[in-house]
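First up is the structure itself, then whatever we jot down about it.
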Amino acid sequence: MKFIIKIVLFSFFIFNFSQAAEYSGFSIGYTKHIAEDPHDSQGSSYLSDPEENGFVIGYFSGDKSGESAFEWEASYYSEVSQKLTSGVTVDVSTLTQMLNFMATPGESDFYGIFGAGLGYGYTMVDTSYKSGSTTFNGDNNNWNFAYQLILGFGGDKYEVVFKRSHFGEVKGGSGKTSANGTYSADEFDNIYNSIVYKIKF
């Protein structure tokens, strides 16, 4: 009996896969970047989680079968400037690749979207520091595991989604200041809240 059930489930999976509708497209959206839990690498915490507006553009391709979808996306989150604490500003931008898994209940011309994604983020952090006549400028690039949650709605030719994307804890530059002192790297969780419009073809 168990063998028969396995055969039926396997046949159902193969049938759904063969019926999958392929799609691809471009996306553009508005973002709120959050530098969450900022601190330096010596353990000193800063006082707030600064937020700054930006935009995201991307390309995606996927397969939709019935009330589920599987999707690959690549995105660029525009550079934003964050004041982490007095005298410390970082410019942050992020490139990402994600695999998204989504439930899409409804009809083909209008359906809901509930999903999540896994992938990685490549984040560039450019640090500027000034205290009196002492300055420091340095950059650092970060590779991190990433995940996101997705909620929205869509149809045959479009989707509108809200995404909460977490691209790991990132570090800024470190090294010698203009006064020949040591500058410790600033660190923070790299998070984006985004509202994205997706054009499908």
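No lab work stands behind these numbers, since they all come straight from the coordinates. Remember, it's a predicted structure, so these values are computed and weren't measured experimentally. As a convention, Cβ positions derive from the backbone with ideal geometry for all residues, glycine included, and neighbour counts pool all protein chains shown.
Quick check: the angle from helix 2-18's long axis to the longest principal axis of the chain, C-alpha only, nearest 10 degrees?
That works out to roughly 70 degrees.
Sequence gap of 8 or more, or different chains, plus Cα separation below 27 Å: how many lysine pairs satisfy both in the chain?
Eligible lysine pairs with Cα atoms under 27 Å apart amount to 23.
Using only Cα atoms, locate the centre of the range 46-88 and the centre of the range 125-161, then give the distance between them in Å, rounded to an integer.
6 Å
What does the charge count near Asp156 come to, summing +1 for each Lys or Arg and -1 for each Asp or Glu among other residues with Cβ under 9 Å from its Cβ?
Neighbourhood net charge equals +1.
With each pseudo-label sitting 7 Å past Cα toward Cβ, what's the Ser174-Ile57 distance in nm, one decimal?
The two pseudo-label positions are separated by 3.5 nm.
Using a simple spin-label model with points 7 Å from Cα along the Cα→Cβ vector, what separation in nm is obtained for Ser81 and Phe26?
Once both label points are built, they end up 2.9 nm from each other.
Sticking with the crude label model, points 7 Å out along Cα→Cβ, report the distance from Leu118 to Asp156 in nm, one decimal please.
Rounded to a tenth, the inter-label distance reads 3.5 nm.
Extension gain Leu149-Ser184, at 0.36 nm per residue separation less the Cα-Cα distance, in nm?
Full extension from Leu149 to Ser184 adds 9.3 nm.
Choose one answer from Thr123, Thr134, Thr96: the residue with the largest mean-square fluctuation in a GNM of the chain with alpha-carbon springs under 10 Å.
Thr134
Let's see if you can work this out: charge +1 on each Lys and Arg Cβ, -1 on each Asp and Glu Cβ, no other charges. What is the dipole magnitude of the chain about its Cα centre, in debye to the nearest 20?
340 debye
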